[in-house]
10 protein chains.
Amino acid sequence: MVTAIVLLTVDRDRIPQVAEELAEMEGISEVFSVSGRYDLVAVIRTPTNEALAELVTGRMLKVRGIERSETLIAFKVYSRHDLETMFALGMEGGG
Amino acid sequence: MVTAIVLLTVDRDRIPQVAEELAEMEGISEVFSVSGRYDLVAVIRTPTNEALAELVTGRMLKVRGIERSETLIAFKVYSRHDLETMFALGMEGGG
Amino acid sequence: MVTAIVLLTVDRDRIPQVAEELAEMEGISEVFSVSGRYDLVAVIRTPTNEALAELVTGRMLKVRGIERSETLIAFKVYSRHDLETMFALGMEGGG
Amino acid sequence: MVTAIVLLTVDRDRIPQVAEELAEMEGISEVFSVSGRYDLVAVIRTPTNEALAELVTGRMLKVRGIERSETLIAFKVYSRHDLETMFALGMEGGG
Amino acid sequence: MVTAIVLLTVDRDRIPQVAEELAEMEGISEVFSVSGRYDLVAVIRTPTNEALAELVTGRMLKVRGIERSETLIAFKVYSRHDLETMFALGMEGGG
Amino acid sequence: MVTAIVLLTVDRDRIPQVAEELAEMEGISEVFSVSGRYDLVAVIRTPTNEALAELVTGRMLKVRGIERSETLIAFKVYSRHDLETMFALGMEGGG
Amino acid sequence: MVTAIVLLTVDRDRIPQVAEELAEMEGISEVFSVSGRYDLVAVIRTPTNEALAELVTGRMLKVRGIERSETLIAFKVYSRHDLETMFALGMEGGG
Amino acid sequence: MVTAIVLLTVDRDRIPQVAEELAEMEGISEVFSVSGRYDLVAVIRTPTNEALAELVTGRMLKVRGIERSETLIAFKVYSRHDLETMFALGMEGGG
Amino acid sequence: MVTAIVLLTVDRDRIPQVAEELAEMEGISEVFSVSGRYDLVAVIRTPTNEALAELVTGRMLKVRGIERSETLIAFKVYSRHDLETMFALGMEGGG
Amino acid sequence: MVTAIVLLTVDRDRIPQVAEELAEMEGISEVFSVSGRYDLVAVIRTPTNEALAELVTGRMLKVRGIERSETLIAFKVYSRHDLETMFALGMEGGG
């Protein structure tokens, strides 16, 4: 599983809509509206690099209202949870 | 459930150790070593604000090697997954 | 009580109007026009996280003229005053 | 009443101690440990400019552990609360 | 006397006009076009905080062409000159 | 007369001492401890460029405690006051 | 061979098109869409400084959608590969 | 093939040594000392994500003199060259 | 001779035109299109401060396409060349 | 002729010494102590890229007191002066 955290600066008039649009996307497991310098944070979990690339530089680019995005790709995941299993169920449909 | 994303700048000599130390902490569901401007990203999921405060301004402050941390607290969570249930199991022990 | 400090960069033509609009909002206890890099600072005191979220990512987003906002949520409050009582009176109407 | 918001970057080993030390100081009505880029935010309410100057460039400068501070002085206060009365009680001892 | 230094970023087409407009304002003792990151620096000397607030968040806000302003309010003044007397003459008309 | 505004970041333990040391220097007409991102602002008024250079890259460099300084040299001065006369008295001793 | 790395911030609506347009240009050996603060990174390998200048301040300037570009010119190349030979083939047509 | 560009800020006393050390590492195809804000840029080409992670958060972390590194991972590569073949030779030994 | 280095951020569509326009101006001895964060660097050599002020806050302000400029005025010049003589010839026409 | 402008941040205790040391170096035509965010600006004029690289990543790196340097390499030079001839004399000794 390839995981990435995306820090998003969004047009203030479209924050809830962008959050909902992203949360519906295959490969995005969670979207948070957050305090601090960024407006939204998306957690991406995809099976392959290609799926990650297609999502970040394909579908996400088409979401109207995103002003800037900064993707932090995970090198290694440290967790007491078995995240693969927990989230893998949601990804059976591939992509 | 209170969720927060913590962006961490870490002393280069202690990145893996800090990641492991954090991942063992109650309340931290995942820690990623990441590409980009930050070194680690921790995802916190706690049952209450007090538990979040105690973790971020208590136990996490004591981890040697963290140079700067920026906590983004989630106002709202958007997800197709039932995260509460998925992660709630891990938090039965409270805090 | 959940407290947050919001640092606001505002369109120069609407600073007084935005300050007044915010000061009228349930959950905002004070708004200051300030010296320095920011234009306004709002102090939010709400009974619950949900109320904070609804205010920051709901009503405040609709205020015309706010260019950027950075919310600093309080983990812990240190004060010789009994703020809860002082401000709780103003929040009996909930929200 | 002269009000100011002070954004503080603090040595990670001394955040709780600095918060407590500041909260005990005459003229500081509240100190918050906060999420985001800053570590602490102090709200200052003093009767005169001189009291503000003495506090910020006198007593606060002597608190060990403050790395950087940025003071935002309020030009105007907008609030539904009668803050003067609420906080004036605490300032009868002057300074 | 309340003194403040205002660092101004100005629309390049209106730098001389903004400088002249500001220099005519009661309470502004000097305006410099400067080298470096800022375009203009204004030195404000007013008798009271209220006069400073009215100038900075009132009249100055209405000057067309100011993109960003950052006000540094003086806590203490150190000088071999008796500035109060030198500049007080110019402020007999109040404001 | 050559005028310059110097924005100073100073070691927190030496702010008052540095301010006093600078205020005693020939060519420095005022020093302010200020709110905001900088700690001190010095206003320099010297008869010649050479005097300015000697002050900024000579005597001021030797003041212990100045971490960073950013000098904004005035191209033009706009003022209703006759600053030349007001401050020229203080500079009869040259430099 | 003159090598340079160009960090590009691109209009979100034109990232793939700009990448393709650049990759077709003589002198650009690779273009990557990347994670992090920048959108694209181009690796330039030209035979002469003039060819580099003509590419960066000539043809690349005409590509619609590039908002900002920051060129890092290589002083020295360290590699176990014989890059000159590997890429020189592609540059026989000069430019 | 997984490609990444690493922007490096290096201790000025060790720039050439760090460049040579990195260039000898399996997975690093080129290292440039560069003009501009960064000191070195490394181009990484590895067969798998795991190899990239092991290199960036393993071996590279142990190189003395690197102050800060910012890794930009390539989502997609656009090139007229058949880079895979050109560089794949160097990676037959895996890792 | 008064010397200054001007760092210029320019509208990408007008970089060559702005460079040529500046290079024709009396008082500007050289203009470079450069790699890195800035687009152009101009070297100014004028006989007096007034000429420098007139050039930077007069003629240069009228050049269409300059987005931001940051002027670094030289306090002292260190050189093995007799620059005064070398460039003075070009300034006989004054200004 | 290869020209570059180097923006230097220098240890405050060594600004004049660093300026003199640089000005004596073959390939550096001028060094200015300057107002603004940087401490020194050096103008480099060398016959070849290799000479530039050897100077910037060789001799200049050994000068004690330089904290950070940012080299802006000239793509094109625009000037009414025949700089090549003016400065070429000083470079007959090569390098």
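The values are calculated or read from the model by the stated rules, or taken from the named source; none is laboratory data. This structure is a prediction, so every number in the text was calculated from the model and none was measured. Every residue, glycine among them, receives a Cβ derived from its backbone with ideal geometry; neighbour counts consider all protein chains shown.
So that you can scan it fast, the table gives a plain yes or no per residue for (1) within 7 Å of chain D (Cβ to nearest Cβ); (2) of a type in the set (S, T, N, Q); (3) without any contact (Cβ under 8 Å) to a residue 24 or more places away in the chain:
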{"residue": "C:E21", "(1), (2), (3)": "no, no, no"}
{"residue": "C:M25", "(1), (2), (3)": "no, no, no"}
{"residue": "C:G36", "(1), (2), (3)": "yes, no, yes"}
{"residue": "C:L40", "(1), (2), (3)": "no, no, no"}
{"residue": "C:N49", "(1), (2), (3)": "no, yes, no"}
{"residue": "C:E54", "(1), (2), (3)": "no, no, no"}
{"residue": "C:T57", "(1), (2), (3)": "no, yes, yes"}
{"residue": "C:G65", "(1), (2), (3)": "no, no, no"}
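Exactly one of (1) at pLDDT 95 or above; (2) part of a helix (DSSP H, G or I); (3) surrounded by fewer than 16 Cβ atoms within 10 Å (Cβ to Cβ); (4) among the charged types (D, E, K, R) is unmet by B:R64. Its number?
(2)
Restricting the search to the range F:72-86, which residues are farther than 17 Å from I:A74 by Cα, at the interface with chain E (Cβ under 7 Å from one of its Cβ atoms) and out of contact with any helix residue (DSSP H, G or I) (no Cβ under 8 Å at 6 or more places or on another chain)?
F:L83
Across the range I:50-70, what is the total count of residues that are touching a Phe, Trp or Tyr at 6+ places or on another chain (Cβ under 8 Å) and over 30 Å from G:L72 (Cα atoms)?
Number satisfying all stated conditions: 3.
Among the residues of the range J:77-95 satisfying the criterion of being of a type in the set (A, V, I, L, M) and either surrounded by fewer than 15 Cβ atoms within 10 Å (Cβ to Cβ) or within 15 Å of J:G27 (Cβ to Cβ) (or both), which is modelled with the highest pLDDT?
Ranking the qualifying residues of the range J:77-95, first place goes to J:L83.
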